[in-house]
Amino acid sequence: MSLLYESALFLFKNRLYRDLKSSLKISHEDRQEILKLQNNKFVRLIDHARINVPYYSQILKNLRDIDDLAGIPFLTKKIIKEKADDLKTKNLKEKDFRKNSTSGSTGETMYFYSDMNNTYAEACAIRGDMFSGWNYGEKKITIWGALRDFHDKPGFKARINQKYLQKSEILSSFNMTEKDIDHYIDFINNFKPSLLIGYPTGLLLIAEHMIKYNRKITVPLTLVSAGETLYDFQREIIEKVFGHGVFNRYGCREVIQIASECEAHNGLHISADHLIAEVVNEKGEPASPGEAGEIIVTDLDNYAFPFIRYKIGDIGILKDPDYRCSCGVNLPMLERVEGRTMDVIVGTNGNRVTGTFWTLFFRHNFKGIEKFQVIQETSNQINIWFEINESYNNRDNETIINEIKKLLGDDLQIEIHVVDEISKTATGKHRWIISKVSPYA
Ligand SMILES: [Zn+2]
(Lines give C-alpha, C1' and ligand atoms only; values in the text may rest on other atoms or scores of the structure.)
Protein backbone atom coordinates (compact mmCIF):
# COMPACT_ATOMS: atom_id res chain seq x y z
CA MET A 1 0.00 0.00 0.00
CA SER A 2 1.34 3.44 -0.86
CA LEU A 3 1.80 6.03 1.88
CA LEU A 4 -0.74 8.33 0.24
CA TYR A 5 -3.26 5.55 0.01
CA GLU A 6 -2.63 4.52 3.61
CA SER A 7 -3.18 8.10 4.75
CA ALA A 8 -6.44 8.36 2.80
CA LEU A 9 -7.64 5.11 4.31
CA PHE A 10 -6.77 6.34 7.76
CA LEU A 11 -8.86 9.48 7.28
CA PHE A 12 -11.89 7.82 5.75
CA LYS A 13 -12.07 4.44 7.41
CA ASN A 14 -9.68 4.56 10.30
CA ARG A 15 -11.49 1.97 12.34
CA LEU A 16 -11.70 -0.61 9.55
CA TYR A 17 -8.10 0.13 8.68
CA ARG A 18 -6.99 -0.43 12.26
CA ASP A 19 -8.96 -3.70 12.41
CA LEU A 20 -7.44 -4.89 9.14
CA LYS A 21 -3.94 -4.22 10.43
CA SER A 22 -4.54 -6.11 13.68
CA SER A 23 -6.35 -8.99 11.95
CA LEU A 24 -3.41 -9.44 9.56
CA LYS A 25 -1.00 -9.39 12.48
CA ILE A 26 -2.89 -11.90 14.64
CA SER A 27 -3.30 -14.36 11.73
CA HIS A 28 0.47 -14.88 11.70
CA GLU A 29 0.90 -15.24 15.45
CA ASP A 30 1.19 -18.59 17.25
CA ARG A 31 -2.00 -20.65 17.40
CA GLN A 32 -1.97 -20.32 21.21
CA GLU A 33 -2.09 -16.52 20.91
CA ILE A 34 -4.99 -16.71 18.45
CA LEU A 35 -6.95 -19.03 20.76
CA LYS A 36 -6.20 -16.79 23.73
CA LEU A 37 -7.63 -13.79 21.89
CA GLN A 38 -10.64 -15.88 20.86
CA ASN A 39 -11.30 -16.88 24.47
CA ASN A 40 -10.94 -13.29 25.72
CA LYS A 41 -13.44 -12.05 23.13
CA PHE A 42 -15.80 -14.91 24.03
CA VAL A 43 -15.71 -14.10 27.75
CA ARG A 44 -16.40 -10.43 26.99
CA LEU A 45 -19.30 -11.35 24.71
CA ILE A 46 -21.01 -13.70 27.17
CA ASP A 47 -20.59 -11.20 30.01
CA HIS A 48 -22.37 -8.66 27.83
CA ALA A 49 -25.08 -11.03 26.58
CA ARG A 50 -25.90 -12.40 30.03
CA ILE A 51 -26.63 -8.92 31.34
CA ASN A 52 -28.07 -7.14 28.29
CA VAL A 53 -29.76 -9.75 26.11
CA PRO A 54 -32.91 -11.26 27.69
CA TYR A 55 -32.74 -14.52 25.70
CA TYR A 56 -29.30 -15.28 27.12
CA SER A 57 -29.78 -14.20 30.75
CA GLN A 58 -30.59 -17.73 31.98
CA ILE A 59 -28.79 -19.70 29.25
CA LEU A 60 -25.39 -18.16 30.02
CA LYS A 61 -25.87 -18.07 33.79
CA ASN A 62 -23.07 -20.35 34.95
CA LEU A 63 -20.72 -19.95 32.02
CA ARG A 64 -17.13 -18.90 32.52
CA ASP A 65 -15.14 -19.34 29.34
CA ILE A 66 -14.78 -21.18 26.06
CA ASP A 67 -14.34 -24.54 27.81
CA ASP A 68 -18.02 -24.33 28.76
CA LEU A 69 -19.14 -23.64 25.19
CA ALA A 70 -20.65 -27.10 24.61
CA GLY A 71 -23.14 -26.46 27.45
CA ILE A 72 -24.91 -23.70 25.50
CA PRO A 73 -27.97 -24.85 23.51
CA PHE A 74 -27.85 -24.28 19.74
CA LEU A 75 -29.39 -21.12 18.35
CA THR A 76 -31.63 -22.08 15.40
CA LYS A 77 -33.33 -20.01 12.73
CA LYS A 78 -36.65 -21.03 14.28
CA ILE A 79 -35.63 -19.58 17.67
CA ILE A 80 -34.47 -16.37 15.98
CA LYS A 81 -37.82 -15.98 14.22
CA GLU A 82 -39.79 -16.58 17.40
CA LYS A 83 -37.61 -14.66 19.85
CA ALA A 84 -36.01 -11.88 17.79
CA ASP A 85 -37.02 -9.21 20.34
CA ASP A 86 -35.40 -11.09 23.22
CA LEU A 87 -32.22 -11.55 21.21
CA LYS A 88 -31.82 -7.81 20.70
CA THR A 89 -29.43 -6.09 23.07
CA LYS A 90 -31.17 -3.73 25.50
CA ASN A 91 -28.36 -1.30 26.31
CA LEU A 92 -27.57 -0.01 22.82
CA LYS A 93 -29.09 2.93 20.91
CA GLU A 94 -31.15 2.53 17.74
CA LYS A 95 -28.28 3.89 15.67
CA ASP A 96 -26.17 0.93 16.80
CA PHE A 97 -28.48 -1.55 15.03
CA ARG A 98 -28.82 -2.26 11.34
CA LYS A 99 -31.87 -4.30 10.43
CA ASN A 100 -30.74 -7.11 8.18
CA SER A 101 -32.16 -10.28 6.69
CA THR A 102 -31.14 -13.52 5.03
CA SER A 103 -31.91 -13.81 1.33
CA GLY A 104 -34.57 -16.44 1.90
CA SER A 105 -33.11 -18.73 -0.74
CA THR A 106 -33.79 -21.72 1.51
CA GLY A 107 -37.29 -20.68 2.39
CA GLU A 108 -38.58 -17.88 4.53
CA THR A 109 -36.58 -14.73 5.05
CA MET A 110 -35.09 -14.42 8.54
CA TYR A 111 -34.67 -10.97 10.10
CA PHE A 112 -31.87 -10.11 12.50
CA TYR A 113 -29.70 -7.13 13.44
CA SER A 114 -26.13 -6.35 12.55
CA ASP A 115 -23.93 -4.32 14.89
CA MET A 116 -23.16 -0.92 13.34
CA ASN A 117 -20.02 -0.69 15.49
CA ASN A 118 -18.58 -3.92 14.15
CA THR A 119 -15.90 -3.37 11.53
CA TYR A 120 -13.79 -6.39 12.48
CA ALA A 121 -15.88 -8.86 10.46
CA GLU A 122 -15.42 -6.76 7.33
CA ALA A 123 -11.69 -6.54 8.05
CA CYS A 124 -11.59 -10.36 8.21
CA ALA A 125 -13.37 -10.56 4.85
CA ILE A 126 -10.78 -8.22 3.30
CA ARG A 127 -8.00 -10.25 4.90
CA GLY A 128 -9.54 -13.42 3.43
CA ASP A 129 -9.50 -11.90 -0.06
CA MET A 130 -5.87 -10.88 0.52
CA PHE A 131 -4.98 -14.58 0.90
CA SER A 132 -5.47 -14.70 -2.88
CA GLY A 133 -2.53 -12.35 -3.44
CA TRP A 134 -4.75 -9.31 -4.04
CA ASN A 135 -3.87 -6.29 -1.92
CA TYR A 136 -6.33 -3.98 -0.18
CA GLY A 137 -6.54 -0.83 -2.29
CA GLU A 138 -6.09 -2.65 -5.61
CA LYS A 139 -9.06 -2.67 -7.97
CA LYS A 140 -11.70 -5.36 -7.78
CA ILE A 141 -14.92 -6.34 -9.53
CA THR A 142 -17.68 -8.28 -7.79
CA ILE A 143 -20.38 -10.05 -9.80
CA TRP A 144 -23.12 -10.35 -7.23
CA GLY A 145 -26.85 -10.63 -6.83
CA ALA A 146 -27.71 -9.81 -3.25
CA LEU A 147 -30.65 -7.47 -3.77
CA ARG A 148 -30.11 -5.82 -0.45
CA ASP A 149 -26.64 -4.64 -1.42
CA PHE A 150 -28.13 -2.76 -4.37
CA HIS A 151 -31.14 -1.38 -2.53
CA ASP A 152 -29.03 0.12 0.22
CA LYS A 153 -28.38 3.52 -1.32
CA PRO A 154 -24.83 4.42 -0.37
CA GLY A 155 -24.27 7.86 1.15
CA PHE A 156 -21.62 10.34 -0.03
CA LYS A 157 -18.88 8.91 2.18
CA ALA A 158 -19.72 5.34 1.14
CA ARG A 159 -19.65 6.31 -2.55
CA ILE A 160 -16.26 7.99 -2.20
CA ASN A 161 -15.07 4.96 -0.30
CA GLN A 162 -16.27 2.49 -2.95
CA LYS A 163 -15.04 4.39 -5.96
CA TYR A 164 -11.76 5.88 -4.80
CA LEU A 165 -10.62 3.92 -1.77
CA GLN A 166 -11.89 0.41 -2.36
CA LYS A 167 -11.73 0.97 -6.13
CA SER A 168 -14.45 -1.58 -6.60
CA GLU A 169 -17.23 -2.07 -9.13
CA ILE A 170 -20.26 -4.37 -8.90
CA LEU A 171 -21.80 -6.16 -11.88
CA SER A 172 -25.17 -7.89 -11.63
CA SER A 173 -25.34 -11.66 -11.50
CA PHE A 174 -29.00 -11.43 -12.58
CA ASN A 175 -27.93 -10.46 -16.07
CA MET A 176 -25.77 -13.22 -17.44
CA THR A 177 -26.93 -13.67 -21.04
CA GLU A 178 -24.24 -14.19 -23.68
CA LYS A 179 -24.50 -10.49 -24.58
CA ASP A 180 -24.07 -9.46 -20.92
CA ILE A 181 -21.08 -11.73 -20.46
CA ASP A 182 -19.49 -10.24 -23.57
CA HIS A 183 -19.90 -6.78 -22.03
CA TYR A 184 -18.56 -7.99 -18.69
CA ILE A 185 -15.40 -9.32 -20.35
CA ASP A 186 -14.89 -5.96 -22.12
CA PHE A 187 -15.55 -4.14 -18.86
CA ILE A 188 -13.02 -6.30 -16.99
CA ASN A 189 -10.39 -5.74 -19.70
CA ASN A 190 -10.93 -1.96 -19.53
CA PHE A 191 -11.25 -1.57 -15.76
CA LYS A 192 -8.24 -3.87 -15.15
CA PRO A 193 -9.09 -5.19 -11.68
CA SER A 194 -6.61 -7.35 -9.75
CA LEU A 195 -9.44 -9.34 -8.23
CA LEU A 196 -12.67 -10.80 -9.58
CA ILE A 197 -15.22 -12.10 -7.05
CA GLY A 198 -18.28 -14.07 -8.12
CA TYR A 199 -20.61 -16.98 -7.46
CA PRO A 200 -19.03 -20.17 -8.83
CA THR A 201 -22.00 -20.56 -11.21
CA GLY A 202 -21.31 -17.04 -12.55
CA LEU A 203 -17.54 -17.57 -12.87
CA LEU A 204 -18.25 -20.86 -14.66
CA LEU A 205 -20.59 -19.15 -17.14
CA ILE A 206 -17.85 -16.63 -17.96
CA ALA A 207 -15.26 -19.41 -18.33
CA GLU A 208 -17.54 -21.43 -20.65
CA HIS A 209 -18.29 -18.30 -22.69
CA MET A 210 -14.54 -17.67 -23.06
CA ILE A 211 -14.04 -21.20 -24.40
CA LYS A 212 -17.04 -21.06 -26.74
CA TYR A 213 -16.18 -17.69 -28.34
CA ASN A 214 -12.42 -17.79 -27.80
CA ARG A 215 -12.59 -14.62 -25.71
CA LYS A 216 -9.74 -13.63 -23.44
CA ILE A 217 -9.41 -11.68 -20.22
CA THR A 218 -6.20 -9.82 -20.89
CA VAL A 219 -5.45 -8.53 -17.39
CA PRO A 220 -3.81 -10.62 -14.68
CA LEU A 221 -6.31 -11.10 -11.87
CA THR A 222 -7.02 -13.47 -9.02
CA LEU A 223 -10.39 -15.18 -8.60
CA VAL A 224 -12.45 -15.53 -5.44
CA SER A 225 -15.48 -17.82 -5.47
CA ALA A 226 -18.14 -16.92 -2.90
CA GLY A 227 -21.83 -17.13 -2.09
CA GLU A 228 -22.43 -20.73 -3.15
CA THR A 229 -20.73 -24.09 -2.64
CA LEU A 230 -17.78 -24.39 -5.02
CA TYR A 231 -17.87 -27.85 -6.59
CA ASP A 232 -14.77 -29.57 -7.97
CA PHE A 233 -16.05 -29.67 -11.56
CA GLN A 234 -16.56 -25.90 -11.49
CA ARG A 235 -13.11 -25.31 -10.04
CA GLU A 236 -11.55 -27.52 -12.71
CA ILE A 237 -13.09 -25.66 -15.65
CA ILE A 238 -12.60 -22.15 -14.20
CA GLU A 239 -8.94 -22.83 -13.35
CA LYS A 240 -8.28 -24.33 -16.78
CA VAL A 241 -9.70 -21.29 -18.57
CA PHE A 242 -8.15 -18.62 -16.34
CA GLY A 243 -4.88 -20.54 -16.02
CA HIS A 244 -4.58 -20.25 -12.23
CA GLY A 245 -6.19 -21.19 -8.94
CA VAL A 246 -9.58 -20.14 -7.59
CA PHE A 247 -9.80 -19.07 -3.94
CA ASN A 248 -12.89 -20.29 -2.14
CA ARG A 249 -14.46 -17.90 0.38
CA TYR A 250 -17.07 -19.03 2.87
CA GLY A 251 -19.31 -16.60 4.67
CA CYS A 252 -22.91 -15.55 5.11
CA ARG A 253 -24.98 -12.46 5.75
CA GLU A 254 -25.43 -13.17 9.47
CA VAL A 255 -21.77 -13.34 10.56
CA ILE A 256 -20.10 -12.08 7.34
CA GLN A 257 -16.71 -13.78 7.09
CA ILE A 258 -16.21 -17.39 8.21
CA ALA A 259 -13.25 -18.87 6.32
CA SER A 260 -11.10 -18.30 3.22
CA GLU A 261 -8.84 -20.46 1.12
CA CYS A 262 -5.15 -19.53 0.98
CA GLU A 263 -2.38 -19.98 -1.59
CA ALA A 264 -1.73 -23.55 -0.38
CA HIS A 265 -5.21 -24.51 -1.76
CA ASN A 266 -5.54 -27.13 0.95
CA GLY A 267 -8.51 -25.94 2.98
CA LEU A 268 -9.90 -22.66 4.31
CA HIS A 269 -8.51 -20.61 7.20
CA ILE A 270 -11.23 -19.90 9.76
CA SER A 271 -11.48 -16.31 11.03
CA ALA A 272 -10.95 -17.56 14.59
CA ASP A 273 -10.32 -14.01 15.80
CA HIS A 274 -13.85 -13.07 14.68
CA LEU A 275 -15.82 -16.23 15.45
CA ILE A 276 -15.75 -19.72 16.90
CA ALA A 277 -16.52 -22.43 14.34
CA GLU A 278 -17.49 -25.89 15.55
CA VAL A 279 -18.53 -28.94 13.52
CA VAL A 280 -21.00 -31.29 15.25
CA ASN A 281 -22.49 -34.66 14.33
CA GLU A 282 -26.19 -35.54 14.34
CA LYS A 283 -26.14 -36.01 18.11
CA GLY A 284 -24.83 -32.46 18.48
CA GLU A 285 -21.45 -33.74 19.70
CA PRO A 286 -18.12 -32.55 18.24
CA ALA A 287 -17.34 -34.33 14.95
CA SER A 288 -13.86 -35.81 14.64
CA PRO A 289 -11.40 -34.02 12.35
CA GLY A 290 -12.14 -35.26 8.85
CA GLU A 291 -15.75 -36.16 9.69
CA ALA A 292 -18.53 -34.16 8.03
CA GLY A 293 -21.04 -32.46 10.29
CA GLU A 294 -23.08 -29.36 10.84
CA ILE A 295 -21.18 -26.07 11.14
CA ILE A 296 -21.97 -24.07 14.31
CA VAL A 297 -20.73 -20.49 14.64
CA THR A 298 -20.40 -18.03 17.49
CA ASP A 299 -19.92 -14.46 16.28
CA LEU A 300 -17.55 -12.66 18.65
CA ASP A 301 -18.14 -9.18 17.22
CA ASN A 302 -21.92 -8.68 17.01
CA TYR A 303 -22.94 -7.06 20.30
CA ALA A 304 -26.30 -5.86 18.94
CA PHE A 305 -27.80 -9.30 18.31
CA PRO A 306 -25.42 -11.98 19.56
CA PHE A 307 -25.22 -15.19 17.55
CA ILE A 308 -23.98 -17.79 20.05
CA ARG A 309 -23.73 -21.41 18.80
CA TYR A 310 -25.77 -20.58 15.73
CA LYS A 311 -26.80 -23.40 13.39
CA ILE A 312 -25.89 -21.69 10.19
CA GLY A 313 -27.27 -24.42 7.92
CA ASP A 314 -24.09 -25.72 6.28
CA ILE A 315 -22.15 -28.95 6.37
CA GLY A 316 -18.39 -28.91 6.64
CA ILE A 317 -15.28 -30.76 7.77
CA LEU A 318 -12.68 -29.43 10.22
CA LYS A 319 -9.00 -30.06 9.68
CA ASP A 320 -6.94 -31.65 12.45
CA PRO A 321 -6.26 -28.85 15.02
CA ASP A 322 -2.56 -29.75 14.95
CA TYR A 323 -2.31 -29.15 11.21
CA ARG A 324 -0.17 -26.14 10.28
CA CYS A 325 -0.53 -24.58 6.85
CA SER A 326 2.50 -23.95 4.66
CA CYS A 327 1.33 -20.39 3.85
CA GLY A 328 2.35 -19.12 7.29
CA VAL A 329 -1.14 -18.16 8.45
CA ASN A 330 -1.84 -19.86 11.78
CA LEU A 331 -5.62 -19.57 11.84
CA PRO A 332 -7.25 -23.02 12.28
CA MET A 333 -8.76 -24.59 9.18
CA LEU A 334 -11.81 -26.12 7.59
CA GLU A 335 -10.97 -29.01 5.29
CA ARG A 336 -13.93 -28.14 3.08
CA VAL A 337 -17.50 -26.88 3.01
CA GLU A 338 -19.77 -29.61 1.66
CA GLY A 339 -22.89 -27.56 1.05
CA ARG A 340 -26.05 -26.61 2.82
CA THR A 341 -27.76 -28.84 5.32
CA MET A 342 -30.89 -28.29 3.21
CA ASP A 343 -29.04 -29.93 0.31
CA VAL A 344 -29.09 -33.41 1.80
CA ILE A 345 -31.33 -35.85 -0.09
CA VAL A 346 -32.54 -38.85 1.93
CA GLY A 347 -33.45 -42.17 0.30
CA THR A 348 -36.33 -44.43 1.29
CA ASN A 349 -33.58 -46.84 2.37
CA GLY A 350 -32.18 -44.21 4.78
CA ASN A 351 -29.14 -43.43 2.64
CA ARG A 352 -28.11 -39.74 2.51
CA VAL A 353 -26.30 -37.91 -0.26
CA THR A 354 -24.95 -34.34 -0.43
CA GLY A 355 -24.54 -32.02 -3.43
CA THR A 356 -21.13 -33.39 -4.43
CA PHE A 357 -22.67 -36.76 -5.36
CA TRP A 358 -25.14 -35.23 -7.79
CA THR A 359 -22.65 -32.98 -9.54
CA LEU A 360 -20.29 -35.93 -10.06
CA PHE A 361 -23.07 -38.28 -11.14
CA PHE A 362 -24.62 -36.01 -13.77
CA ARG A 363 -21.50 -34.23 -15.03
CA HIS A 364 -19.40 -37.35 -15.48
CA ASN A 365 -21.97 -39.69 -16.97
CA PHE A 366 -24.37 -37.62 -19.05
CA LYS A 367 -22.84 -35.09 -21.43
CA GLY A 368 -26.25 -33.80 -22.54
CA ILE A 369 -27.10 -32.31 -19.13
CA GLU A 370 -26.07 -28.66 -18.93
CA LYS A 371 -27.59 -27.86 -15.56
CA PHE A 372 -29.70 -29.76 -13.10
CA GLN A 373 -31.75 -29.27 -9.98
CA VAL A 374 -32.85 -32.09 -7.68
CA ILE A 375 -35.80 -31.31 -5.42
CA GLN A 376 -36.89 -33.71 -2.73
CA GLU A 377 -40.56 -32.94 -2.24
CA THR A 378 -41.44 -35.65 0.32
CA SER A 379 -39.60 -38.55 1.93
CA ASN A 380 -40.44 -40.80 -1.04
CA GLN A 381 -40.52 -38.40 -3.99
CA ILE A 382 -37.88 -36.45 -5.89
CA ASN A 383 -38.25 -34.25 -8.96
CA ILE A 384 -35.27 -33.67 -11.22
CA TRP A 385 -35.07 -30.69 -13.59
CA PHE A 386 -32.65 -30.52 -16.51
CA GLU A 387 -31.40 -27.89 -18.89
CA ILE A 388 -30.06 -29.91 -21.80
CA ASN A 389 -27.97 -29.59 -24.97
CA GLU A 390 -28.03 -31.51 -28.28
CA SER A 391 -26.16 -34.54 -26.86
CA TYR A 392 -29.04 -35.26 -24.50
CA ASN A 393 -30.72 -38.61 -25.06
CA ASN A 394 -34.17 -39.42 -23.68
CA ARG A 395 -33.09 -42.99 -23.10
CA ASP A 396 -30.67 -41.72 -20.43
CA ASN A 397 -33.66 -41.04 -18.19
CA GLU A 398 -34.18 -44.72 -17.52
CA THR A 399 -30.51 -45.23 -16.65
CA ILE A 400 -30.61 -42.20 -14.34
CA ILE A 401 -33.74 -43.40 -12.53
CA ASN A 402 -32.35 -46.93 -12.14
CA GLU A 403 -29.00 -45.72 -10.80
CA ILE A 404 -30.65 -43.39 -8.28
CA LYS A 405 -33.00 -46.15 -7.12
CA LYS A 406 -30.03 -48.47 -6.57
CA LEU A 407 -28.51 -45.84 -4.29
CA LEU A 408 -31.56 -44.41 -2.54
CA GLY A 409 -34.17 -47.18 -2.56
CA ASP A 410 -36.39 -49.01 -5.05
CA ASP A 411 -39.63 -47.44 -3.91
CA LEU A 412 -38.41 -43.84 -4.34
CA GLN A 413 -40.61 -41.99 -6.86
CA ILE A 414 -38.45 -40.10 -9.36
CA GLU A 415 -39.73 -37.73 -12.06
CA ILE A 416 -37.51 -36.07 -14.66
CA HIS A 417 -38.49 -32.77 -16.31
CA VAL A 418 -36.66 -31.00 -19.12
CA VAL A 419 -37.00 -27.18 -19.13
CA ASP A 420 -35.49 -24.22 -21.01
CA GLU A 421 -34.31 -22.54 -17.85
CA ILE A 422 -34.21 -23.64 -14.23
CA SER A 423 -35.31 -20.73 -12.06
CA LYS A 424 -32.78 -18.96 -9.85
CA THR A 425 -33.18 -17.85 -6.25
CA ALA A 426 -34.17 -14.30 -5.32
CA THR A 427 -30.49 -13.33 -5.22
CA GLY A 428 -29.64 -14.82 -8.60
CA LYS A 429 -27.98 -17.99 -7.33
CA HIS A 430 -28.48 -21.42 -8.82
CA ARG A 431 -29.48 -24.12 -6.34
CA TRP A 432 -28.44 -27.59 -7.46
CA ILE A 433 -30.28 -29.37 -4.65
CA ILE A 434 -33.33 -28.49 -2.60
CA SER A 435 -34.56 -30.84 0.09
CA LYS A 436 -37.89 -30.16 1.74
CA VAL A 437 -37.32 -33.01 4.20
CA SER A 438 -33.67 -32.50 5.14
CA PRO A 439 -32.81 -34.33 8.36
CA TYR A 440 -30.95 -31.23 9.52
CA ALA A 441 -33.80 -28.74 9.06
ZN1 LIG B 1 -2.77 -21.39 4.48
- prompt: Over all pairs of distinct alpha carbons, what does the Kirkwood formula give as the hydrodynamic radius of the range 333-427, in Å?
  reply: 14.2
task: Report the residue, chosen from Leu407, Leu203, Leu195, that carries the largest GNM mean-square fluctuation when the chain is represented by alpha-carbon nodes joined by springs under 10 Å.
output: Leu407
- prompt: Tell me, what HN-Hα J-couplings in whole Hz come from the Karplus equation 6.51 cos²θ - 1.76 cosθ + 1.60 at θ = phi - 60° for each residue of the range 218-226, using x for Gly and Pro?
  reply: 8, 9, x, 9, 9, 10, 10, 9, 8
- request: Using amide H atoms built 1.01 Å from N in the peptide plane, name the residues 5+ places from Gly339, or on other chains, whose amide H lies under 5 Å from its own.
  value: Ile315
field: Candidates Thr399, Thr356, Thr142, ranked by Gaussian network fluctuation over the chain, Cα under 10 Å, top entry
entry: Thr399
query: If r is the Cβ-Cβ distance from Glu208 to Glu263 and R0 is 22 Å, what FRET efficiency results, to the nearest 0.05?
result: 0.25
query: Cβ under 15 Å from Glu33's Cβ, Glu33 left aside: what net charge do those residues give with Lys, Arg +1 and Asp, Glu -1?
result: +2
task: Evaluate the Debye formula for the range 208-361 with equal point scatterers sitting on the alpha carbons, no solvent, and hand back log10 of I(q)/I(0) at q = 0.11, 0.17 Å⁻¹, in q order, two decimals.
output: -0.50, -1.06
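Relative to the present Cα-Cα distance, how much length would full extension add between Asn383 and Asn91 at 0.36 nm per residue of separation?
Stretched out fully, the Asn383 to Asn91 stretch lengthens by 100.2 nm.
Restricting the count to DSSP beta bridges whose residues both fall in the chain, what percent are antiparallel, rounded to a multiple of 5?
On the way: 40 of 67 bridges.
The antiparallel fraction comes to roughly 60 percent.
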task: Over the chain, with every protein chain in place, what whole percent of the accessible area is carbon and sulfur at 1.4 Å, could you tell me?
output: 50
task: Treat the chain as a sphere of radius equal to its Kirkwood radius over Cα pairs and apply Stokes-Einstein at 10 °C in a medium of 1.306 mPa s; give the translational diffusion coefficient in µm²/s, rounded to a whole number.
output: 68
message: On the principal axes of its Cα set, how long, how wide and how thick is the range 34-120? Give whole Å, largest value first.
response: 35, 27, 26
message: If I model a spin label as a point 7 Å beyond the Cα along the Cα-Cβ vector, how far apart are those points for Asn52 and Glu29 in nm?
response: 2.3
message: Quick query: amide H of Asn248 versus all other amide H atoms, modeled in the peptide plane; which residues come in under 5 Å with a sequence gap of 5 or more or a different chain?
response: Ser225, Glu261
Accessible area of the chain divided out per residue, in Å², using a probe of 1.4 angstrom: 47
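What GluC sites (Glu not before Pro) does the range 351-410 have in DSSP loop regions with at most 15 other beta carbons within 10 Å?
Details: sites: Glu370, Glu377, Glu387, Glu390, Glu398, Glu403; in loops: Glu390.
Sites meeting the loop and neighbour criteria: Glu390.
Restricting to DSSP H runs of at least four residues, report the calculated mean residue ellipticity at 222 nm for the chain, -39500 (n - 2.57) per run over all residues, nearest 500 deg cm²/dmol. The partial results should precede the final answer.
On the way: 12 runs with 145 residues, N = 441.
Only helices count here, giving -10000 deg cm²/dmol.
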- prompt: So, in nm, how far is label His183 from label Asn135 when the simple model puts each one 7 Å beyond its Cα toward the Cβ?
  reply: 3.3
task: Once you have the Cα-Cα distance between Glu236 and Asp68, take 0.36 nm times their residue separation minus that, and quote the gain in nm to one decimal.
output: 56.3 nm
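Based on the Cβ-Cβ distance from Lys78 to Arg18, what FRET efficiency comes out when R0 is 45 Å, to the nearest 0.05?
On the way: r = 37 Å, r/R0 = 0.83.
According to the calculation, E is roughly 0.75.
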field: Length released on extending from Arg98 to Asn351, taking residue separation times 0.36 nm less the Cα-Cα span
entry: 86.9 nm
field: Karplus 3J(HN,Hα) series, Hz, for the range 304-321 with 6.51 cos²θ - 1.76 cosθ + 1.60 (x for Gly, Pro)
entry: 7, 8, x, 9, 10, 6, 8, 7, 6, x, 10, 10, x, 10, 7, 7, 3, x
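The values are calculated or read from the model by the stated rules, or taken from the named source; none is laboratory data. Keep in mind that this is a model prediction, so the values were computed, not measured. Methodologically, a virtual Cβ is constructed for each residue, glycine included, from the backbone with ideal geometry; neighbour enumeration extends over all protein chains shown. Accessible surface areas use protein heavy atoms only, side chains included; no ligands, DNA or RNA. Shrake-Rupley method; radii C 1.70, N 1.55, O 1.52, S 1.80 Å.
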